[in-house]
Every structure is written in C-alpha cells, then in structure tokens.
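The next block holds one structure in the form of structure tokens; read it before the comments.
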Amino acid sequence: MKSFRQAVEANDHAAIEALLADDVVFTSPVAFKPYPGKAITAAILRGVSRVFSDFRYVREITGEDGRDHALVFEARVGDRAITGCDFLHLDEHGLIDDFMVMVRPLSAAHALAEAMGVQFDRIASEAAEATKAAEPAQAPATATATATTGDDAPSGPARADRA
C-alpha cells in the first residue's frame, strides 16, 4: 500500500484519511473493542503521530490478491523502542476497510497505552467534530458514541486501554 505508506511517512493526515473507507474498523493493540468508522480511525492515527517519534516503516508485505498488506514499523514512545505492524485490508474500491495494529515488546505497548490514554479526550473530540461535520444538519452525531461509551468506557488514567 504505497500511497498509505507515503502519506504516513510525509505526516500527511489529509491523504491518510482519504485512503480510509467510511466503514473502516480500527483494531488497537491496547484496546479490547475495535473502533468503527473513519472519523475515529483518522483521529486515532493523528494521536499516534503525536506520541510516536522516530517512526519509520522497515518492511512491506503484500498479499497475493493485492488487498492485504502488512507494514512493519519501528518507532519510539518516550524512552521505549517499539516495533509493530499495521495490517491493512482494502475494500473493492481500494480504500482501507480494516486496520489492525500489533506492537511489541510489552513494555513499549504499556508506554503506548499510557501515551494514547493522555491523548484520548482530544481524539474523541476530533472524531466527534469530524462526524458532526460529515452528517446532515438534522442527524445526530452517533458514530463516535460506540467508540466512547459502553461498559468498557473508562475515565481518567484508565483510558489508556482505550486507544
């Protein structure tokens, strides 16, 4: 997924968001439930760009049909080195409809969870604003409700497991 990789490496969030399907599902390495929708996925990716430093992709693997991609990356979260993989699936229009991230080692995953927990109020706010802007004036903004409410919606520092 050369266009996604180039957008990430250029820190071009508009280009990244343009590559996401409206119904994309983001599966975080540090949250139990996936996040459905373009607005929350784009907001999470912006949050990740704020907490990662020295980010670089080191390997790209493409499935036989060209719709599955694995992008291995290295970065830092604070003083922790992290290695991870973005697993992307493309829909019939070439947009990312499934985005799953895995990271290692555990100490870096904990550092990522903590750093993203600090970001989560901003992420939720950005997603709510984007959802509201994308909906007709009469429709209620509900896309982020599934991502920010429910039995697993912690508050305060416990939010670290949400991103």
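The values are calculated or read from the model by the stated rules, or taken from the named source; none is laboratory data. Since the model is a prediction, treat every value here as computed from it, not as a measurement. Don't worry about glycine lacking a Cβ; one is built from the backbone with ideal geometry, like all the others, and counts go over all protein chains shown. The accessibility values were calculated without ligands, DNA or RNA, using every heavy atom of the protein model including side chains. Shrake-Rupley method; radii C 1.70, N 1.55, O 1.52, S 1.80 Å.
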Practice task
Could you tell me which numbered condition GLY37 fails, if it satisfies all but one of (1) open to solvent by less than 20 Å² (accessible area, probe 1.4 Å); (2) touching a helix residue (DSSP H, G or I) at 6+ places or on another chain (Cβ under 6 Å); (3) of a type in the set (Gly, Ala, Ser)?
Solution key: (2)
Fill in the blank from the handout: Scanning the range 129-163 residue by residue, the ones that are part of a helix (DSSP H, G or I), open to solvent by 40 Å² or more (accessible area, probe 1.4 Å) and either modelled with pLDDT of 50 or more or in contact with a Phe, Trp or Tyr (Cβ under 6 Å, 6 or more places away or on another chain) (or both) total 5
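Only one of PHE120, PHE73, PHE99 is among the aromatic types (Phe, Trp, Tyr) and over 18 Å from LYS2 (Cα atoms); which? Steps first, please.
Values: PHE73 fails: over 18 Å from LYS2 (Cα atoms); PHE99 fails: over 18 Å from LYS2 (Cα atoms).
After applying the criteria, what remains is PHE120.
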Exercise for the section: Those residues that are within 10 Å of the chain's Cα centre (by Cα) and open to solvent by 20 Å² or more (accessible area, probe 1.4 Å), I need them from the range 1-33; list them, please. Expected result: VAL25, THR27, PRO29
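Mind checking which residues of the range 73-94 are outside any strand (DSSP E or B) and either surrounded by 11 or more Cβ atoms within 10 Å (Cβ to Cβ) or at positive phi (or both)?
Taking the range 73-94 first, the residues outside any strand (DSSP E or B) are 78-79, 91-94.
GLY78, ASP91, GLY94 - these are the residues of the range 73-94 that are outside any strand (DSSP E or B) and either surrounded by 11 or more Cβ atoms within 10 Å (Cβ to Cβ) or at positive phi (or both).
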